[in-house]
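**Student:** This is the structure I have questions about; it appears just below.
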Amino acid sequence: MRRRAFVAGIAGSAFAWPLAARAQQPVKPVVAFLSGVQVPVHLVEAFRRGLSEIGYIEGQNVAFEYRTASGEYDRFRTIADDLVRQQVAVIFATGGTAAALAAKSATSMTPVVFYMGGDPVKQGLVASLNRPGGNLTGLGWLGFALGAKRLELLRELVPNVTAISLLVNPKNPDSEFEMQDVQEAARMLGRQLHVLPASVEADLLSVFGKLVQQRDGALIVASDPFFSGRRGLVVALAARHGVPTIYERRDFPDAGGLISYGHERADAYRQLGIYTGRILKGARPADLPVLQPTKFELVINLNAAKALALEIPPMLLARADEVVE
């Protein structure tokens, strides 16, 4: 009996030892992506590169959790609340201003790194760009302020067009800022501007019909995850109705759209990966200044121009960072 008890004890110890060893392994911190749409692979890779520069490698000493609202702004808060309950180490709010606001409302403790097109100070996310305070920092690229630049590019591309439409999502917290910026630019350039709201796919079909009825000769698509997540549909509608259209990111010309102007997003994601790594090492978001992009890109799709019977001005073509043929 004593021998059997001894053998059983040894077997029990042999079984328990690996379990104890596994239990003692450090738990990887989790970085949660709170996105408006599925983040393109090359941008996730850029974020990983930034993290790796600080010493964090996915699968080795950090894990990722991906959550998307599929362009539905009402879902951000629910997702943010769930991530806080899971006690993730950092929330990377890459769904624009709406995602950042949802994360801020959900927690005052979990660090949040945001990627947004609006003004984080005006939106109440941070106290100032240099000293954010609180638990949020990130990159605010003031995308709405680029609307005027896109209008100027459209004027250069189609100089005889006097009436232009601006497609906006009224659910976007930054839509009002972008409308004001483009309206002021249109007034200064002597162009008539019509604002077309769309927040669901059915709206997109109707607004393009309205655009044609108004005889607007060109279109600006505002910065918004809803439009980005449906870029194939937006590009197809613009082509079907023969409307020269400018977009805020290169994904659209890559999908067949005419022209885009915006900041270089891969570099921004790399910088935000670095910030996230610094926070994992103990830096406080309150002490990390809000970043602003330094690289911008102009992309032109020559096939789209040919389909619209447009001849790209040589000076504009020469300024393009990339030409899709």
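The values are calculated or read from the model by the stated rules, or taken from the named source; none is laboratory data. Bear in mind that the values here come from a model prediction, so they are computed numbers and not experimental data. Backbone-built Cβ (ideal geometry, glycine too); neighbour counts: all protein chains shown. Side chains included, ligands, DNA and RNA excluded: accessible areas come from the protein's heavy atoms. Shrake-Rupley method; radii C 1.70, N 1.55, O 1.52, S 1.80 Å.
**Student:** What is the angle, in °, between the Cα long axis of helix 147-157 and the longest principal axis of the Cα atoms in the chain? Nearest 10 is fine, range 0 to 90.
**Tutor:** For helix 147-157, the angle is close to 50 degrees.
**Student:** Follow-up question, since we're still on this one. Based on the Cβ-Cβ distance from VAL27 to GLU53, what FRET efficiency comes out when R0 is 30 Å, to the nearest 0.05?
**Tutor:** 0.85
**Student:** Another question, if that's okay. Give me the distance in nm between label points sitting 7 Å out from Cα along the Cα-to-Cβ direction at ALA63 and ARG85, one decimal.
**Tutor:** Going from the ALA63 label point to the ARG85 one covers 1.8 nm.
**Student:** Using only alpha carbons, build the gyration tensor for the stretch 61-185 and give me the equivalent ellipsoid semi-axes, biggest first, whole Å. Don't skip to the answer; put the middle values down first.
**Tutor:** On the way: eigenvalues 211, 48, 29 Å².
Working from the Cα gyration tensor, I get semi-axes of 32, 15, 12 Å.
**Student:** What do you reckon, how do MET179, MET315 stack up by accessible area (1.4 Å probe), largest on top?
**Tutor:** So, going from the largest accessible area down, we get MET315, MET179.
**Student:** Describe numerically, in nm with one decimal, the distance between label points set 7 Å from Cα along Cα→Cβ at ASN303 and at ALA202.
**Tutor:** 3.4 nm
**Student:** Where only protein heavy atoms count, and the probe is 1.4 Å, what is the accessible area per residue for the chain in Å²?
**Tutor:** Details: 15280 Å² over 325 residues.
I get 47 Å² per residue for the chain.
**Student:** Another question, then. Would you mind putting 216-228, 118-130, 257-269, 49-61 in packing order, based on average other-beta-carbon counts within 10 Å, highest first?
**Tutor:** Per-residue mean Cβ counts within 10 Å order the peptides as 216-228, 257-269, 118-130, 49-61.
**Student:** Report, please, the projected area of the chain averaged over directions, based on the convex hull of its C-alpha atoms, in nm².
**Tutor:** Hull-based average projected area comes out at 20.9 nm².
**Student:** Considering only Cα-Cα distances, which of the following residue pairs are longer than 28 Å: LYS122/LYS171; LYS149/LYS306; LYS28/LYS295; LYS104/LYS149; LYS122/LYS210; LYS171/LYS306? Please list the in-between numbers first.
**Tutor:** Details: LYS122/LYS171 17 Å; LYS149/LYS306 23 Å; LYS28/LYS295 33 Å; LYS104/LYS149 31 Å; LYS122/LYS210 33 Å; LYS171/LYS306 34 Å.
Long pairs (Cα-Cα over 28 Å): LYS28/LYS295; LYS104/LYS149; LYS122/LYS210; LYS171/LYS306.
**Student:** Positive end of the charge dipole of the chain (Lys, Arg +1 and Asp, Glu -1 on Cβ, about the Cα centre): tell me which of PHE92, ALA236, LEU151 has its Cα farthest that way.
**Tutor:** Going by the Cα projections, it comes out as PHE92.
**Student:** Let me ask something else about it. Calculate what fraction, in whole %, of the accessible area of the chain sits on carbon and sulfur atoms when a 1.4 Å probe is rolled over the protein chains.
**Tutor:** Roughly 53 percent of what the probe reaches on the chain is carbon or sulfur.
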